[in-house]
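See below for the structure under consideration.
The values are calculated or read from the model by the stated rules, or taken from the named source; none is laboratory data. Just so we're clear, the structure is a prediction, and the values are computed from it rather than from any experiment. Glycine gets a Cβ as well: all are built from the backbone with ideal geometry, and neighbour counts include every protein chain shown. Side chains included, ligands, DNA and RNA excluded: accessible areas come from the protein's heavy atoms. Shrake-Rupley method; radii C 1.70, N 1.55, O 1.52, S 1.80 Å.
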Amino acid sequence: MVRKMNHVEMARALFGITLGYHIVYATIGVGIPLLIFIAEIVAARTKQQVYQVFAVRMVRILLLLVGVGIVTGTTVAVMLSVLWPTFMRVVGQVINVPFEMEIFAFMLESLFLAIYVYGGKRLSVKTRILSALFMSIGSTASAVLITDVNSFMNTPTGVTWVNGSPTQIDLLRAFFNPAFPTELAHVVVSAYMAVAFVMSAVAAKNLLKRDQTSEERAYHRQTLSLTMAVGGVTSVLTAFIGDLSGKFLAKFQPEKLAAAEGLFHTTRNAPLVIGGIASAATQSVVGGIHVPDLLSWLATERLDGKVLGLDHFPQNTWPPLFVHLLFDTMVGIGSFCIAVAVTYWVYRFRAKTLDVPGWLLRVIFVTGFLAMIGIEAGWCFAEFARQPWIIYGVMTVSQAVTPSASVGILFVGFVSLYGVLLIATIWALKRYFRNHPLSEYQVTYTTHVVKHEKEGNLA
Amino acid sequence: MNIVALGAAFIWAMISIYTILGGIDFGSSFWRWYFSRRKNWEAEEVAHSFVSPTWELVNSFLVLIPVAIVGLFPGAAYAYGSILLIPASMVLGLLILRGAYWQFGYASEQKRGPIIWVVGLTGLILPGLFATILGLSQGGYVSRGTQGAYVLPLAKFLFSPQVLVFLAFGILMALYLSALFLAQYAKQAGSLETFAAFRRSAQWVGPLSAVSGILAIVSSMHGQLDMSHRLVTWWPILGLSFVMFLVGYAGLFRPVGMTKVRMSLWATVIQLVLAQIAYGCAHYPYVLYPYLTFSDAASNHSMFVTTLVIFVAGFALLAPGFYLFRSLFIKDVQSVVSQTASRGTVTPKRG
């Protein structure tokens, strides 16, 4: 029994590390095309070259990350079958359609990325904008489709289970399962948000450097302004959709909500507990700030609404209690992002200048990292809080795992591989932007684009 | 032809296409390494300029195959998934290294050396590893443990002489095909010296790839699908395939100026496709001998049909995009041709 547990946990750890690593690349791969699309539109509207330079530089990041994302994505696709063969046998009968469509969405993205890079200056403004749009549609559709499989794992509809085997399969109802709308909206908008904050952190970091020329400062100020606008709007949207997700959980996965909020006892007028540690021994959250009635209101839109607690469910299907902290990390970072964006815009309107004080730049710089941590915390919450199930209420993770032993050796191998890859990605990005400083674009903008096209061959 | 056979043919067709695309892609990166070791920089550049724009496309084709197998034959995905944890992870590790080194090559010119050998070495091994799956599918290695779980004794598999023959065949086939392709590529670019270098490589790899291919077919172990006898039924296709090999190979021995290497290349592609058709037909109906047939492994009817429809529709929808890309690419190549003609570097012509 103990050995079996170790085996499952090793497999979970290997897959978790792989996904956690891939999520960074995937999230940036979803967010950057949108920013390129917006930058192209703003450039066409305002006739300011700055935004075009921004778009061109972001494409470089995208090219590198998509290249690495392809191999980590291939790894995820193959690992699904070799680590969770029993799960994939069910997927193959019920919910493989989104996986299949995702490949074509990805091809759409790479194709228009290649056209955008290749075509370079030869493309008309309209074609450039359209290419960026299709790129963005492709990458967003990829995210939506992959998320659909995850939402099926949360709410497996369109199938009847007889002794764990799927029968009476309705592909459409499996595809459009109840969790799909809120989950896809939350994943997509939060990815847009996180990447906007990451890019504004890059701008903030450059504005904090003392050795920048006035042209460089102008460029970074304007990109900061653009990314803060996108980040502001999307962070508010993320919160709004996050609230809908909470209401969704209350209805369809109350166990997950109870664990997220550390609510042990079913109750009316449930308080919202912010922070603190959920303790099984005391059957309560130790520490944290209690806000009376708020959880009832958030979950049911009534102060005296009834919220199911963990006591409603058998203890052997409880998710691990630490998910409460993951959940609060996600919500806390999301709220902090809204606060930063609001501060930035209030300051801009008050001071009526593009200049932003150093302390705010430092905060924005840190927010970039936090936003990415928020994404990771959100995904970790989503996955840990479904435990012990891989398909909610139907199949547990330990039923799905491969019978092959020796996951442990692989774990060491893959973790070191990802470590090297992460360092190399950062190295390559730094290297590229050191060899291609901003001055290169402004002074010899046209020649650079010609060079860029040739590099497109390599992409 | 029933629908299960149609699905099996579809999977096999995708594997065939991947064999050819991947063989050229992987082999080319090995030749790049090989010629950089011999300081033949022009040949190195030919190999490089081909591989660069294609590997991502080839890689996304690789992902199509497991996803299609899960949708059409989830039973096969289950069977192979349960036994291939270690081998598949080895392949993934090599693919990750290869892809990463490619990407990082764009960031810095100074790290060319390690990039060339990592990409070249992984390009050499990977096609061989893929080919060993064929040996596995013929049975004799996998057994069923308690509760029907599939078990693969890894050492027995990896060190079996037959698997080593498949490994050698995969490697040599990729080297032959890519040498032909690069020879044709160099010829198109008008670089006769480089063309001759690749032609020489093709001349000595060709017979080795044919011999290892024949050995792979005839070597069968006790308890395996008896491929050599099952293939006899399909002798006309197999015979034609061999004739195509001879045609392609003989074409390499005309004087340099007169060699129609394009003909050799196509003859070899046809040779491979015919051999794969014969092999696939002889292997049918087994996915994993003797435990699993395609109809046992097949998904339910609605998923099966939907999967086929999605793949056909997906390719149809993306076709205009690929066409636009290709036309852009060719225009781009024409401008690069005039710029680099003086330097003697190579001018890709394919999209």
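Within the range B:1-41, the set of residues being over 25 Å from B:Ile115 (Cβ atoms) and among the polar types (S, T, N, Q) comprises B:Asn2, B:Ser16, B:Thr19.
Selection of first residues in the range A:235-248 that are free of Cβ contacts under 8 Å to residues at least 40 places away in the same chain and of second residues that are of a type in the set (Val, Ile, Thr) and assigned to a helix (DSSP H, G or I), restricted to Cβ pairs under 9 Å at least 6 apart or on distinct chains, gives the following pairs, ordered by first then second residue: A:Phe240/A:Val189. Grab the helices (runs of 4 or more DSSP H) fully contained in the range B:83-168, keeping just those with 2 or more residues being modelled with pLDDT under 85 and under 23 Å from A:Ile61 (Cα atoms). Result: B:85-107, B:112-137. In the set (1) more than 24 Å from A:Val30 (Cβ to Cβ); (2) surrounded by fewer than 21 Cβ atoms within 10 Å (Cβ to Cβ), A:Leu422 fails one condition alone, (1).
Hey, can you tell me all the residues within the range A:90-131 that are of a type in the set (A, V, I, L, M) and farther than 26 Å from B:Ala313 by Cβ? Steps first, answer last, please.
Going residue by residue through the range A:90-131, those that are of a type in the set (A, V, I, L, M) are A:90-91, A:94-95, A:97, A:101, A:103, A:105, A:107-108, A:111, A:113-115, A:117, A:123, A:125, A:129-130.
Correct list: A:Val117, A:Leu123, A:Val125, A:Ile129.
Just one of A:Leu34, A:Leu14, A:Leu19 is over 18 Å from A:Glu383 (Cα atoms) and touching a Phe, Trp or Tyr at 6+ places or on another chain (Cβ under 8 Å); which is it?
Numbers: A:Leu14 fails: over 18 Å from A:Glu383 (Cα atoms); A:Leu19 fails: over 18 Å from A:Glu383 (Cα atoms).
Exactly one residue qualifies, and that residue is A:Leu34.
Among residues of the range A:420-435 that are in contact (Cβ under 8 Å) with a residue 60 or more places away in the chain and within 8 Å of another protein chain (Cβ to nearest Cβ), those with a beta-carbon under 9 Å from a residue that is open to solvent by 50 Å² or more (accessible area, probe 1.4 Å) and not aromatic (Phe, Trp, Tyr) at least six positions away or on a different chain give the pairs A:Leu421/B:Leu97.
In this structure, A:Ala341 does satisfy being surrounded by 19 or more Cβ atoms within 10 Å (Cβ to Cβ) and among the small types (Gly, Ala, Ser).
Let's see how each residue does on (1) open to solvent by 30 Å² or more (accessible area, probe 1.4 Å); (2) on the phi > 0 side of the Ramachandran plot; (3) touching a residue at least 60 places away in the same chain (Cβ under 8 Å):
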| site | (1), (2), (3) |
| --- | --- |
| A:Ala26 | yes, no, yes |
| A:Ile36 | no, no, yes |
| A:Arg45 | yes, no, no |
| A:Gln48 | yes, no, yes |
| A:Gln52 | yes, no, no |
| A:Val56 | no, no, yes |
| A:Val59 | no, no, no |
| A:Leu63 | no, no, yes |
| A:Ile70 | no, no, no |
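Close Cβ contacts (under 7 Å, 6 or more residues apart or on different chains) running from residues in the range B:309-325 that are at the interface with chain A (Cβ under 10 Å from one of its Cβ atoms) to residues that are outside any helix (DSSP H, G or I) comprise B:Phe325/B:Gly351.
Residue-wise test of (1) modelled with pLDDT of 85 or more; (2) aliphatic (A, V, I, L, M); (3) within 21 Å of B:His283 (Cβ to Cβ).
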residue	(1), (2), (3)
B:Gly190	no, no, no
B:Ala197	yes, yes, no
B:Ala202	yes, yes, no
B:Leu208	yes, yes, no
B:Thr233	yes, no, yes
B:Ser241	yes, no, yes
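Give me the residue from the range A:414-443 that is over 24 Å from A:Ile115 (Cβ atoms) and of a type in the set (Ser, Thr, Tyr) and, out of that set, modelled with the lowest pLDDT. Filtering first and then ranking leaves A:Ser439.
Of all the residues in the range B:289-300, those that are farther than 19 Å from B:Ala149 by Cβ, at the interface with chain A (Cβ under 10 Å from one of its Cβ atoms) and in contact (Cβ under 8 Å) with a residue 12 or more places away in the chain number 2.
Annotation: of all residues in the range B:282-301 being part of a helix (DSSP H, G or I) and open to solvent by less than 50 Å² (accessible area, probe 1.4 Å), the one that is farthest from A:Phe106 (Cα to Cα) is B:Ala282. Within the range A:173-196, residues that are touching a residue at least 24 places away in the same chain (Cβ under 8 Å) sit with their Cβ atoms under 7 Å from residues that are among the charged types (D, E, K, R) and open to solvent by less than 30 Å² (accessible area, probe 1.4 Å), at 6+ positions apart or across chains, in these pairs: A:Phe175/A:Asp148; A:Phe180/A:Asp148; A:Leu184/A:Asp148.
For the range A:255-298, what are the residues that are hydroxyl-bearing (Ser, Thr, Tyr) and open to solvent by less than 10 Å² (accessible area, probe 1.4 Å)?
Correct list: A:Ser296 only.
Residues in the range A:108-158 that are over 23 Å from the mean Cα position of the chain (by Cα), within 14 Å of another protein chain (Cβ to nearest Cβ), among the β-branched types (Val, Ile, Thr) and open to solvent by 20 Å² or more (accessible area, probe 1.4 Å): A:Thr127 only. Is it the case that A:Phe349 is open to solvent by 80 Å² or more (accessible area, probe 1.4 Å) and out of contact with any Gly (no Cβ under 8 Å at 6 or more places or on another chain)? When the stated conditions are applied, A:Phe349 passes them.
Tallying residues that are open to solvent by less than 20 Å² (accessible area, probe 1.4 Å), farther than 30 Å from B:Gln203 by Cβ and away from every other protein chain (no Cβ under 14 Å) within the range B:142-188 yields 1.
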